[in-house]
Every structure is written in structure tokens, then in C-alpha cells.
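Engineer: Attaching a single structure in C-alpha cells format; questions to follow.
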Amino acid sequence: MRDSLTITRRKLLSGMSVLAGSSLIIPGAYASDTSTESDEETESESPRRWCIKNATVLTMEPGQAPLTKADVWVVDGRIEAVGESLDTGDSEMIDGEGCIVMPGMVDTHNHMWQTQMRGMFGQREGSLFFPVTKELGEHFRPGDTWIGEYLAAMENVNAGVTTSNDFFDNNRGPEHSQAALEALAASPLRARLLFGNESKTTDGQIDLERLTELHENWERYAERGRLSLGLAWRLPENLDNQDAMAMKRREFDTAREMNLPIAVHVSGENHHGMFQTLIDGDFLIPELQVVHATDAREEHMDALNEAGASLALTPITEHRVAYGLTRLSHFERVERQGLGIDGNALAGSGDMFEIMKHAALTEIAASEDETSVDCERLVALATRLGAESIGMGDEIGTLTPGKQADLIMIDTKRINLGMLPTEPYAFTVFAATPADVSLVAVGGRIAKRGGKLLDMDEEQIASRIDASLSHLRDNL
Ligand SMILES: [Zn+2]
């Protein structure tokens, strides 16, 4: 099946030439020059039926102990069965001996467009993340958006992240959202594009017309359900500004009329006031995800639970921008929650192992109690609980027959890991790294195998990064 976003080289070139003299949005105009010619021509064919044999399997279903010497069978993109010595007929066999197989990790909050700016901010006045990205964000062209999004997507998949919830808040025009969607479509990642404002610091209204247009034509963008749409929402800078608040309510209501999920930041100096505004304004609903909420008050978390809303914690970035200490114990009462990268640029990478480990170490150190973290729960936060927190728990997050085959394999035979663990959850939190992820599948499509990302033209991508960086540097 093909749709209008599938790109051929011919379409790409014609798109480019038309774009030169027009403000029309040309599907495919921002895509990679060579790496996405077409599904049939360049993507490595994943087998329809394949099975990982004899692995240690963490299904992440509640109450399910790790399985040893188990098989995970995939048919037509979904988990067919998990168990010992499955009879899988003529399926392609993948040796899982010495490997841990678990669900792909779910990054519940990201800002993927920023990725190529990773080396452009530091930890001193004048080089800090917020001012630098604000300034450079204004100079983003659609092609810069494309490479930022694509780079994060590939980095995440390489690290074993199979889903990202992408808060797209440098939405400078229809061409930019088009570029973001094309980048996500060109990657194997499962993603939700949360459609946001033109800049993370403006109080201007989100382009609701474009959002409506995307929603109405979503089948063209959805990549057979791999991509979905939501709203990247913000409260006004001044919470007492009634006009700004009315505009924000309009955005919220418009998204809800389209049944779109919504994410909102609760962070910065007035984060308690922001949380209170969400409560007072009746904005807490099951489809709302609150991001950060550092140091949230108990009554605020109780209100979140009562409304069925969810929370995203991003410990590495919360610490880097000095929001305060993110302690898992503080948020224990929150029923729906997940972990997030919050910008590969700011977090440093798309490594969710590192995020689990960082969260664990923060809690252990602050509590002065080695037993204060539950490693199985940490892996669940990065998989099942994260998926449930963004409303995708029916499709992903556990290795359950019928669900999407979004899964990863960690090779414990690699020299840095050394042995098949008897404590696989702690091992996953403290020892595993993206380099140990030998296989990644999204919806049954194998995107990494033998430790190598498939379907990426590294040279081509590197030159696009260089071009974007030199443009951005000129504006620094
Ligand atoms: Zn964020």
C-alpha cells in the first residue's frame, strides 16, 4: 500500500522544483535525497513471519515473571505468541540465545526538532539551553526541522525506543509541520506529532486551521497507524490574562472536538500556579498529559488521578535545566505516568536506559536506601506504564499476543555485559546501553538487526546535518 507521503526520487525532484517558485506545500519536498526512494526499492524487506528463539523474555505484563528459553513469534506485524518451543512453521528464525527480549521503550515526551543543536548550548550564562534554542529556533527552515526530527527518530530506534510522543513547538508554518511529518514517516519510529505553537515562548494562537486540515486528511499521513496526531498545548505566560486564557481554551476545545490527545508543560517558576490553573479551568481530563510537574503538591497529584490525566517525567532534562530533584518516590501516588527523553539535544541522546538509571540513582542516593527503587517498575515505566500513560496501552507496551510487534533484543553476550543475568530488570536498568540493542522492530518491521540500523544512508544524513548546522551557526 502506498500513500501520498511515500516518496520516490522522481517525486522528490519534481517537488523540489515546484517548491522553488511557490508557497504550496509539496509532499515529499523535505525528504532525504536518496534514502527514502520508495518502500519497495530501498527498505530492507522484513519477513512476514519471524520468531526469536530461546531468549529471556520480559513480557512486561503485570505479574508475569521473566521467561527463560522462550520464543516470541511475530506474524504480519503483531505478536502471534510468546512461550516455550513454539511451533512456528516456516517462519524465519532469529537466535535469541543469551539475549533479553522486551517491549520497545516508550518515550512519553520529546522535542525532536531540536536534535542537531545538541552541541550548541552549554552550562554557562549565555550558552544555556532555553535562550539558545529560542534564538536558533527562529531560523529553522523546513529542512532544518526535517533533519532534527529524523535524527532523533533514528537515534531513538537505535537505542531501543520504538515510540516517541513528540511535542512539536517550533511550528513556524505549514511547511514545517509537513517536514516534521515527512521525517517521521521516513523513519521506522512509531510517533505522535503533538501540533504546537510557532515558538515555545509565544502566546500566539496555534494554527488551528492547519491542525484541522491535518486531522481531516490524517489517513494520508498516518503511515498505516504508525503516526498519530495530538496537540502541544501551553498555558499563557501570564495566567491572569483572561484574553490569552480564552484563546488557550479555544485551542484546547478544538483539539478535544477532534478527539486529539493533549500535552501541556507544568514547569518553571510558577509551576504550582500552572497546575492549579489546570484544575480550576477543568482542563484535567484522561486525554491530558502533564509534563514535569516537578515538586507537585499532593493535592495536585490527587486531582490528576481523580481526573484520570497522566504525567511525564524526564529526569535527565529536569535536572539539567535545574528544575529540582526528580524523585520517583515523590510521584509514587500518580497512577498514570511514564518517562521521557524531552529532547535528544538537551538529554544528550535518545538513551532511555540512561534515563531509567538516572532516575534510579537519584532516588537511591537521595533516600540513602539501596532498596528504595523497584527495577521492574522502572522498566515498566519505560514500557507498559509509559504506553498506558499516553493512551496507547492497548496496542503497545507489553509482549502480548495481538499487540503490535514493537520489541527489542538486548544481546548480553557482548563484552561489556558479559552474561545472561539472573536479575534481568536491574541489569536492564543499570547495565544495558543502546550499543547492546541488537534488534529493534516496530510493528513487526525490523529496523535494527545485528546491532546495525537498517535503511539509513549515513553519509547523506551527515551532509544534511552539516548543511543545517552551518545555516544555524550563521545565525548564532
Ligand atoms: Zn518539554
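Engineer: Can you compute the FRET efficiency between residue 243 and residue 449 using 1/(1 + (r/R0)^6), with r the Cβ-Cβ distance and R0 = 45 Å? Round to the nearest 0.05.
Structural biologist: 0.25
Engineer: Over all distinct Cα pairs, what is the inverse of the mean 1/r for the chain, reported as the Kirkwood hydrodynamic radius in Å?
Structural biologist: It is 22.6 Å.
Engineer: Let me ask something additional. Suppose each label sits 7 Å from its Cα in the direction of the beta carbon; what would the residue 372-residue 138 distance come out to in nanometres?
Structural biologist: 4.3
Engineer: Then there's this: Taking the beta-carbon count within 10 Å as an exposure proxy, list 452, 53 from fewest neighbours to most.
Structural biologist: So the residues, fewest neighbours to most, are 452, 53.
Engineer: On a full-extension model of 0.36 nm per residue, what is the gain between residue 97 and residue 430, subtracting their alpha-carbon distance, rounded to one decimal in nm?
Structural biologist: Separation in residues times 0.36 nm, less the Cα-Cα distance, equals 117.8 nm.
Engineer: Within a Cβ distance under 12 Å of residue 245, other residues only, what is the Lys/Arg minus Asp/Glu net charge?
Structural biologist: Numbers: positive: 234, 248, 249, 250; negative: 203, 237, 240, 243, 251, 280.
Here the count lands on -2.
Engineer: What pairs in 413/452; 403/448; 134/403; 134/452 have C-alpha atoms more than 28 Å from each other?
Structural biologist: 134/403; 134/452
Engineer: About its Cα centre, what dipole magnitude does the chain give when the only charges are +1 on Lys and Arg Cβ and -1 on Asp and Glu Cβ, stated in debye to the nearest 20?
Structural biologist: Working: 43 positive and 77 negative charges, 151 e Å.
For this selection, approximately 720 debye.
Engineer: Specify which residue in the list 271, 75, 356 is farthest towards the positive end of the charge dipole of the chain, using unit charges on the beta carbon of Lys, Arg (+1) and Asp, Glu (-1), about the Cα centre.
Structural biologist: It is 75, whose Cα lies furthest towards the positive end.
Engineer: Around residue 49, under 9 Å between beta carbons, what's the net of Lys plus Arg minus Asp minus Glu among the other residues?
Structural biologist: The answer is -3.
Engineer: Working out 0.36 nm times the residue gap between residue 307 and residue 224, then minus their Cα-Cα distance, what length gain in nm do you get to one decimal?
Structural biologist: 26.8 nm
Engineer: What is the dipole size for segment 96-200, taken about its Cα centre, with +1 at each Lys and Arg Cβ and -1 at each Asp and Glu Cβ, in debye to the nearest 20?
Structural biologist: Numbers: 8 positive and 13 negative charges, 23 e Å.
So the dipole magnitude of segment 96-200 works out to roughly 100 debye.
Engineer: How much net charge surrounds residue 475 when only the other residues with a Cβ under 9 Å from the Cβ of residue 475 are counted, with Lys and Arg +1 and Asp and Glu -1?
Structural biologist: Working: positive: 473; negative: 135, 138, 474.
Result for the local shell: -2.
Engineer: With both partners inside the chain, how many of the DSSP beta bridges are antiparallel, as a percent to the nearest 5?
Structural biologist: 45
Coordinate-derived values only; no laboratory data. If you're wondering where the values come from, they're calculated on a predicted model, not measured in any experiment. Every residue, glycine as well, gets a Cβ built from its backbone with ideal geometry; the counts of neighbours run over all protein chains shown.
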